[in-house]
Each structure stands twice: as structure tokens, then as C-alpha cells.
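The values are calculated or read from the model by the stated rules, or taken from the named source; none is laboratory data. Because the structure is a prediction, the values reported are computed rather than measured. Ideal geometry is used to build each Cβ from the backbone, glycine not excepted, and the neighbour counts take in all protein chains shown. All accessible areas refer to the heavy atoms of the entire protein, side chains included, with ligands and DNA or RNA removed. Shrake-Rupley method; radii C 1.70, N 1.55, O 1.52, S 1.80 Å.
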There are 2 protein chains.
Amino acid sequence: MPRAGLDTAAIVTAAAELADEIGFSELTMARLAERLGVRAPSLYKHIAGQDDLHRRIAALAFDEAAVAIGAAIQGRSGRDALAAAADALRTLVLTRPGCYAATLGLTPTGPDDPILLASMRGIGPFEAVLRGYDIPPQDMTHALRAVRSVFHGFASLQASGGFQLSTDIGESFDYLIDLIDRGLRAIAGTAPADPHR
Amino acid sequence: MPRAGLDTAAIVTAAAELADEIGFSELTMARLAERLGVRAPSLYKHIAGQDDLHRRIAALAFDEAAVAIGAAIQGRSGRDALAAAADALRTLVLTRPGCYAATLGLTPTGPDDPILLASMRGIGPFEAVLRGYDIPPQDMTHALRAVRSVFHGFASLQASGGFQLSTDIGESFDYLIDLIDRGLRAIAGTAPADPHR
DNA sequence: GCTTTTGGCTAACGCAATTAGCCACCGGGT
DNA sequence: ACCCGGTGGCTAATTGCGTTAGCCAAAAGC
């Protein structure tokens, strides 16, 4: 029996693609092994187990997101940058639903979890976007969390088919961007260093 | 062997509590049966299977959310109502993490899925909150989706421990409410009937 | 060319969900 | 009071998944 020549990266890449095709919850060791032309136990020579695999897929997803969003905001700022970043993220969620699902429901194992570092990298571009608004430094974390919540929420609701009404989702997305853009301007302009928070 | 006197509602209630205690992903038929003083196959006399159980827990969660948020916004409007609704939702997510997790990642089986109806009921109170802002009717759906995205996003990130930085989460939450409140006012005031959308 | 490491394999275990099929309990009718 | 049918438990068995143990050949290094 000739060797398949697998390595960790190849397995993770294949797993991510498979998850996108059949859905993250349908991703199974046996199916992944079959896709790779190998038996299930062989996978354990390269990954520690299912949990490890999931985390690696998630890390891959975060990195892809960072790259895509980073590229999208090149040369833009303010509302343009916000819209471009959001759109890049949304496209990614729709294109790679399995990878996106892998990033949900993760509990970091510790402060040095690679997942954590990857998610930090994924946030980076949003920080750049926010720099285009006049956010006081002590509010930056809050603003970052807010923006992250907003886009994560929209993307995950869309991904799970949470929007039932027939109204166009793209329009709702534009509306949401408008809402956040205006909110950021208003909050930056009128409450630069609100002491009661 | 005397009968345990179970019924569907009792099982779902117990499952929801158990999910809150040990985590939704740890909820298993065997564990649930043990909690109820019964063997696992007996559960199938009352529920169709695991998927059915999950959907019923989710429906329960949506209904609880609708009640809690509805109660929270009684007699309030505008920013107050927004904050109260958001806080009620957030409290619920923290109090009943298992139930909340059950509502994620559901794909409605069809247009008459009970889950769908329950989630509609869960949205109701937010519609009431939005009535306190001057949202033009044709934008109501968009605004509703936006608000839902925002709070769902924040809650789910918090529930999954997605906020690593040590900054206080409650403060971030206040900031988010401020952001949305100002955004809604701005968008309602300046673009009452934007034709290009 | 021999040895060592490495990356496949088969076999086997434990656990979860589910189904089949049995049998005792409980309520209603005679 | 009795019987009798449906209901709600049970045990046993099946399937499929993740994972571990232990074997053996292929590649890699001396």
C-alpha cells in the first residue's frame, strides 16, 4: 500500500472544504478520511482528534477572514470601509458556511490557544475601519465589540436561515451598515469621553 | 415497576434545565433519561427523537424570551425600552445558556415549522420597541433585522466566551445600546423614505 | 544496505441514538 | 368485580461514530 502523503495542513484544508459542502455538523472523521482516500484512524497521525480538527478549521477561517477583509478595506475609510469590510465578511460566510460554523461555539482552552490568536488577527481589520471614526481610545474596545457583534449577528442569522420574511436581505444589510455608520458618528461626536461609563 | 407519569412537556422542561446545567452539547438521551428516573428508550414514547427534542427546547426558549422581553418593556419607550429589552435578553442568555444554544443553528423544516412561529413570537417585543422610533413602515423589516442581529450577535459572542479582552462586558453592552439608539434616531430622522433603497 | 522513524492499516472498545418487541399498569365498559 | 385494550415503561439488539492499540511496510538517514 503506497502512502497517501498527507499532512496536517492538507487534512485541515480538505476538512474545511468538506464542511462547506455538506455542512459543518455533517463533517465526520470517516467521511473526511474517505474524501482523502484513507481510513479514519490514519487521520490521528496528523491531528489529535475531532476537537483539534475543529479548532484548526476555525483558525483557518479566521485567517481567511482577516485576509479578505483586510484586502477589502484597502484604500477606503469611513462608511466605505465599513461597508466593504462587512460585505467581505458576509460573502465569506455565504461562500464558506462550514468554515464559519466552525468558528461558532468555541471555548478557548487557555490564554495561549492558537484559536484566540487567530481570532485576534481576524479582528484586526475592523480595528482599522474604526480608526476612520473619531472613537476615543478608551471606547475602542467597546466599539470593536459592538461592530463584531453586529456583523457576527447578521451573518449568523443569515447563515442559519433566520430571516423568514421575504424582504430582500441585501437591502437589510445596507440598512444595517447605515445604522452603524450613523451610530458611530453620533456617539463619537457627542460623547468623546463620557465619564459615567 | 410503577409508571413514571411522564409527558412531552415534562421531558422538554427537564431537558431544558439539564441543558442549562451541563451545556447543550452535553445533553444526551441517556443523561436526560437518568435525570427523569427512566431508561433512554422510554423517552421515545413522548418525543420523536433528538432533533424533535432540540426543536422543542428551542421553541420553549423563544417563548420564554418573548415573555421576558415583553414584560421588560412594559411602560417604557425609546432608549429605555431598547435597553430594557436588550438587558432582558442578555440576562436570559446568561441564565439559560443551554436553552439559548438550542435556538442556534436551526434550519426550519418548512414554512409551518412550530419553531418558526415561536421565533416570530420572540421577535414581537422588539417590534414594539422599534415603534418608539420614527421608523418609516417600509424600513421596519430592515430595522427589525438589524436589532435582532445586534443583540443576537452580542449575546452569542458573550455566551461562547468570544470576548477575550478584559474590558468589562457590561460597559460594552451599554455602549452598544447607545450606538444603536443613536443610529436609529439618526436614520429615522434624516432618511424617512430613501427611494434608492 | 541496514536501521530507524513514520504513516498507513486492521481490530477492537465504548458510547450515543434509535428500533423491535415484550409485558405490566391503568381506565372504561359490562 | 372483572376483563381488556391501549399506553408507557422495560430489555435487547443494531448502527454508526470517535478513538486507541498494535502491526507492518515505506521512506529517510547513516
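Name every residue in segment A:1-22 that is more than 13 Å from DNA strand C (Cβ to nearest atom) and modelled with pLDDT under 95, in order of residue number. Steps first, please.
Here is the first cut: in segment A:1-22, the residues more than 13 Å from DNA strand C (Cβ to nearest atom) are A:12-13, A:15-22.
If the condition is that a residue be more than 13 Å from DNA strand C (Cβ to nearest atom) and modelled with pLDDT under 95, then no residue fits.
Has segment A:170-181 got at least one residue that is modelled with pLDDT under 90, more than 7 Å from every other protein chain (Cβ to nearest Cβ) and open to solvent by less than 50 Å² (accessible area, probe 1.4 Å)?
Filtering segment A:170-181 for residues modelled with pLDDT under 90 gives none.
Among the residues of segment A:170-181, not one is modelled with pLDDT under 90, more than 7 Å from every other protein chain (Cβ to nearest Cβ) and open to solvent by less than 50 Å² (accessible area, probe 1.4 Å), which makes the answer no.
What about B:ILE57, is it in contact with a Leu (Cβ under 8 Å, 6 or more places away or on another chain), touching a residue at least 40 places away in the same chain (Cβ under 8 Å) and over 23 Å from A:PRO97 (Cα atoms)? Even if it seems obvious, please write down each step before you answer.
Details: in contact with a Leu (Cβ under 8 Å, 6 or more places away or on another chain): no; touching a residue at least 40 places away in the same chain (Cβ under 8 Å): yes; over 23 Å from A:PRO97 (Cα atoms): yes.
Criteria not met by B:ILE57.
Among the candidates A:ALA86, A:ALA72, A:ALA61, which residue alone is more than 16 Å from DNA strand D (Cβ to nearest atom), under 18 Å from A:ARG121 (Cα atoms), more than 14 Å from chain B (Cβ to nearest Cβ) and open to solvent by less than 70 Å² (accessible area, probe 1.4 Å)?
A:ALA72
Looking only at segment B:32-58, which residues are away from DNA strand D (no atom under 14 Å from the Cβ) and either open to solvent by 50 Å² or more (accessible area, probe 1.4 Å) or not small (Gly, Ala, Ser) (or both)?
B:ASP51, B:ASP52, B:LEU53, B:HIS54, B:ARG55, B:ARG56, B:ILE57 - these are the residues of segment B:32-58 that are away from DNA strand D (no atom under 14 Å from the Cβ) and either open to solvent by 50 Å² or more (accessible area, probe 1.4 Å) or not small (Gly, Ala, Ser) (or both).
For segment B:151-169, which positions are of a type in the set (A, V, I, L, M, F, W, C), open to solvent by 40 Å² or more (accessible area, probe 1.4 Å) and either without any contact (Cβ under 8 Å) to a residue 60 or more places away in the chain or at the interface with chain A (Cβ under 8 Å from one of its Cβ atoms) (or both)? Break it down into steps so the answer makes sense when it comes.
Taking segment B:151-169 first, the residues of a type in the set (A, V, I, L, M, F, W, C) are B:151, B:154-155, B:157, B:159, B:163, B:165, B:169.
This time we only want the ones that are open to solvent by 40 Å² or more (accessible area, probe 1.4 Å), so: B:159, B:165, B:169.
Those that are of a type in the set (A, V, I, L, M, F, W, C), open to solvent by 40 Å² or more (accessible area, probe 1.4 Å) and either without any contact (Cβ under 8 Å) to a residue 60 or more places away in the chain or at the interface with chain A (Cβ under 8 Å from one of its Cβ atoms) (or both): B:LEU165, B:ILE169.
B:PRO111 - would you say it is more than 22 Å from A:LEU176 (Cβ to Cβ) and facing another protein chain (nearest Cβ under 9 Å)? Please lay out each step first, then the result.
Working: more than 22 Å from A:LEU176 (Cβ to Cβ): yes; facing another protein chain (nearest Cβ under 9 Å): yes.
Yes, satisfied.
Considering each residue of segment A:1-52, count those that are in contact (Cβ under 8 Å) with a residue 60 or more places away in the chain, in a loop (DSSP other than H, G, I, E, B) and of a type in the set (A, V, I, L, M, F, W, C), and give that number.
Of the residues in segment A:1-52, 1 are in contact (Cβ under 8 Å) with a residue 60 or more places away in the chain, in a loop (DSSP other than H, G, I, E, B) and of a type in the set (A, V, I, L, M, F, W, C).
Return yes when A:GLY5 is more than 12 Å from DNA strand D (Cβ to nearest atom), more than 19 Å from A:THR103 (Cα to Cα), surrounded by fewer than 16 Cβ atoms within 10 Å (Cβ to Cβ) and more than 14 Å from every other protein chain (Cβ to nearest Cβ) and no when it is not.
no
Given the conditions (1) more than 7 Å from chain B (Cβ to nearest Cβ); (2) touching a residue at least 12 places away in the same chain (Cβ under 8 Å), and given that A:ARG148 satisfies all but one, which numbered condition is not satisfied?
Just one mismatch for A:ARG148, condition (1).
Out of everything in segment A:13-31 that is closer than 18 Å to A:VAL93 by Cα and hydrophobic (A, V, I, L, M, F, W, C), what residue ends up being surrounded by the most Cβ atoms within 10 Å (Cβ to Cβ)?
Once the filter is applied, the top-ranked residue is A:ALA15.
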